[in-house]
Amino acid sequence: MLYLAILILLLLLVGASLYLLVCVDPNSPGFLGDMNRFVFFTLPETIKKICGDKIFGVFKIGIKYFFFTNHPIVQIFYVIVAMGGYLIYFFFGCFTLFGNNPFVSHVDTVIGSIMAILSFYSFFQACKYRPGIITKENNQEYVKEFKEYYDNVVYLKDNQCSTCNIIKPARSKHCRVCNVCVSKFDHHCVWIKQCVGQKNYKYFVKFIILHAMLCDYGAYLGFRCIWGIIVKENLFEAKIKDPYTGQTLKASWSIIIMHLLSKNSIFIFLIIMCIIMGISLTCFSIYHLYMIGKDTTSNERMKRSEFLKFFQEETSRIEKSLKDAKTQEEIKELSDKLEKIKSCKNRTISAKSIGIWKGLKQVYNQPDELDQKIKINNKKKQ
């Protein structure tokens, strides 16, 4: 049982770390950028060299199925871990430990239960509401809404999606998993089995923030409960007899921890799980609040990063070639290329800071996709 608990914690820690690394710009300097490049570029190539093409091919099929097909596995996993974890926490914490503890009470049980219900409902909402799917019927509405974002660098006017056979509005993207074009595309989320876009971003943000708060509160309550056990049982004053020397010693921190683990191992396992997921979801929530304040999306941030990397590399290459150029024709040709590159870079619309409060109002004022369809149909009738 202990080994299974350790394995689950390790899997959660690795999963949470990978999920956070996905948000890191792979072109950014520094430790996090290096970690992203190592995990998603260097490590797969190393595994391929060690295992060979056949074994790596099987590994790639598994990754492709897990991340790039619509399946319910992750949603089932969520139901088991989140709801199952809450019920176990409720049973061991509320029924066994909270009732006779100097630092926690059943008021905490009620608060935690309300937070859990709100969190589970937010998951249901995030799964239910659509992201803003662009169809031939509403195509022009989305094109007009985002026309100011066409810069003919990142977003091209009259650029057609060859799969959906529609004009791609600025800030949209065709999702290869869902096989649809999504307005103001952020990313495809395996947890909710659909894309996160203009119309359901508010539900996704609510989903991660509420779960972050629930996990943080669970960790905080757990610490208070454990501290209450230590105080109630007066463990700091406890005396133990050394089986080897026969000496009576005062209990140390390591002995107290081992004592608590032997009596409350499942509850402590849940506290550690809350800490891991709480840190991960809190960081993820802060990241998305930052993006909201900048009025940008994960997809746009990555796109801009790739374009800036390309501009910098091309500028460096052309400037180096200019130094080695010998004829006037060569110099003129390279100078023209350099001017075009700089002009493209200047035309790229950068993320504008609008502030978190204004950004949140903008996000939460978005109508649900069903409401949007009604409005479009009413306009057509008029």
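Read-outs throughout are calculated quantities, based only on the coordinates presented, and are distinct from any laboratory measurement. Because the structure is a prediction, the values reported are computed rather than measured. Because the Cβ atoms are built from the backbone with ideal geometry, glycine has one as well, and the counts that use them run over all protein chains shown.
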#### Entry: Mean-position separation - Cα centroids, the range 58-72 and the range 285-362, in angstrom
33 Å
### Message
Angle check, please: helix 53-68 long axis (alpha carbons) against the longest principal axis of the chain (alpha carbons), in degrees 0 to 90, nearest 10.
### Response
90 degrees
### Message
From the helices alone, meaning DSSP H stretches of at least four residues, give me the mean residue ellipticity at 222 nm for the chain, per-run term -39500 (n - 2.57), in deg cm²/dmol to the nearest 500.
### Response
-21000 deg cm²/dmol
### Summary
Out of Leu260, Gln194, Gly84 - ranked by how far each Cα lies towards the positive end of the dipole of the chain, with unit charges on the beta-carbon of charged residues - the top one is Gln194
### Message
Quick query: amide H of Val180 versus all other amide H atoms, modeled in the peptide plane; which residues come in under 5 Å with a sequence gap of 5 or more or a different chain?
### Response
Cys175
### Degrees, to the nearest 10: 328-347 long Cα axis against longest axis of the chain
50 degrees
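For each pair in Lys168/Lys358; Lys184/Lys294; Lys202/Lys309; Lys144/Lys340; Lys206/Lys352, compute the distance between the two Cα atoms and list the pairs where it is over 20 Å. Mind dumping the intermediate values first?
Working: Lys168/Lys358 27 Å; Lys184/Lys294 14 Å; Lys202/Lys309 31 Å; Lys144/Lys340 28 Å; Lys206/Lys352 23 Å.
The answer is Lys168/Lys358; Lys202/Lys309; Lys144/Lys340; Lys206/Lys352.
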### Summary
For 157-170, 114-127, ranked highest to lowest by mean beta-carbon neighbours within 10 Å, the order is 114-127, 157-170
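Once R0 is set to 45 Å, what does the formula 1/(1 + (r/R0)^6) return for the Cβ-Cβ distance between Val39 and Arg347, expressed as a FRET efficiency to the nearest 0.05?
In this case the efficiency is close to 0.85.
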### Task
Determine the gain in length on full extension of the stretch Lys263-Asp151; use 0.36 nm per residue of separation and subtract their C-alpha separation, reporting nm with one decimal.
34.0 nm
### Query
Once the Cβ-Cβ distance between Tyr290 and Gln247 is put in as r, and R0 is 56 Å, what FRET efficiency do you end up with, to the nearest 0.05?
0.50
### Query
About the Cα centre of the chain, what is the dipole size in debye to 20, counting +1 per Lys and Arg Cβ and -1 per Asp and Glu Cβ, all else neutral?
900 debye
### Summary
The summed charge of the Cys181 Cβ neighbourhood (under 10 Å; Lys/Arg +1, Asp/Glu -1) stands at +2
